[in-house]
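Trainee: There's a structure below that I have some questions on.
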Ligand code: OGA
Ligand code: NI
């Protein structure tokens, strides 16, 4: 392995196995009932079936793929092409739109997941430009700031194709939140209020070929801290999802024009653990570069994330203490620049211990 920086090397137990499971996949869900206006099916009944499928997928897998989702293929092809062109440039060009502690959006190639460096480079952009967030991670500091997108000179259409893609993602994300709300027995617009001044963002991921794909990962195991993720992966594949039943890492076979959806930590908290956010990671390979584009749906900074009242009661008390989304987001971003000794902020830090829950029940 000679010249590979040891910062990329995963501990033995986290390295991808050469014989990973390709056989059984995450559920594939057809959204034509809600995306085609002239559905021939009896709509109420078809919607009921779809809501049940979504609920089962969220509960049993935390991950699913959707087809017939209504996102025009051309919008996806445009952003995929622009992303390729952007990353194909020399490093010094990409670094002109580099992230810094002040400019938190743009290009960077030094992300670490759980202190191991990821074999990837990324370009981040916010859906709302600018996005309002707390100025500081400190709990008592009430000052706000604005995060602005940075756009490279080349390719010239990057901004336009990203903005058009973001509009499509937002429509799909809203539909998904509605289906998820219905599957939890809530009104379909239950989550809309949290998304008024959202902090959603899009990431262009590029995973270059890696000389040691059995020792490194494109992105190390993690859960997404947001509401939900809509991921477009290319035909190379590499995403792996941890199966809930046995902890096995499953390879998600690329399906043309499908999107991969996963429940994020916020849905886990809102649903009081009915739906859990699931660990995933991305493998790299020595032969082909890989591209993926996640859209992360995230609420307004002032949202206090906590189990929904309708989903908790005396027998099923809230399992989490409320936390402020903006402070959480800013704290997590900060750790990208400063290696913190403490573990990165995670939702389990807000979990109420079982013993306290038991006392409440008495
Ligand atoms: C992420 C992620 C997976 C992939 O960026 O959060 O999980 O396949 N990406 O790129
Ligand atoms: Ni992820």
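Every number here is computed from the coordinates shown, using simple stated rules; none is lab data. Everything numeric here is computed off the predicted structure, so don't read it as measured data. Neighbour counts run over all protein chains shown; Cβ positions are idealised from the backbone, glycine included.
Trainee: Pop the C-beta distance of residue 12 and residue 45 into the FRET formula with R0 = 41 Å and round what comes out to the nearest 0.05.
Mentor: 0.20
Trainee: Pop the C-beta distance of residue 110 and residue 359 into the FRET formula with R0 = 56 Å and round what comes out to the nearest 0.05.
Mentor: Computed FRET efficiency for residue 110 and residue 359 comes out at 0.80.
Trainee: Here's a follow-up. Given a cut-off of under 8 Å on Cα pairs at least six residues apart, what relative contact order in percent is computed for the range 19-359?
Mentor: Relative CO of the range 19-359 lands at 20 percent.
Trainee: I would also like to ask the following. By how many nm would the segment from residue 100 to residue 286 grow when fully extended, if each residue of separation counts as 0.36 nm and the alpha-carbon distance is taken off?
Mentor: 63.9 nm
Trainee: Another question about this same structure. Under 20 °C and 1.002 mPa s, how fast does the range 19-359 diffuse according to Stokes-Einstein, given a Kirkwood radius computed over C-alpha pairs? Answer in µm²/s, whole number.
Mentor: 103
Trainee: Separate question: Under the 0.36 nm per residue contour assumption, what length would be gained going from the current alpha-carbon distance of residue 30 and residue 324 to full extension?
Mentor: My answer for the length gained is 102.4 nm.
Trainee: Expressed as a rounded percentage, what relative contact order does the range 205-362 have, with Cα pairs under 8 Å and six or more residues apart?
Mentor: Normalised by residue count, the contact order of the range 205-362 is 27 percent.
Trainee: Further, regarding this structure: What is the spin-label model distance, in nm, from residue 308 to residue 67 if the labels are put 7 Å beyond Cα along the C-beta direction?
Mentor: Label at residue 308, label at residue 67, 3.0 nm between them.
Trainee: Can you sort 200, 100, 32, 355 by how many other beta carbons sit within 10 Å, fewest first?
Mentor: If I rank by nearby Cβ atoms, fewest first, I get 355, 100, 32, 200.
Trainee: Then there's this: Summing -39500 (n - 2.57) over the DSSP H runs of n ≥ 4 in the chain and dividing by its residue number, what mean residue ellipticity at 222 nm do you reach, to the nearest 500 deg cm²/dmol?
Mentor: -7500 deg cm²/dmol
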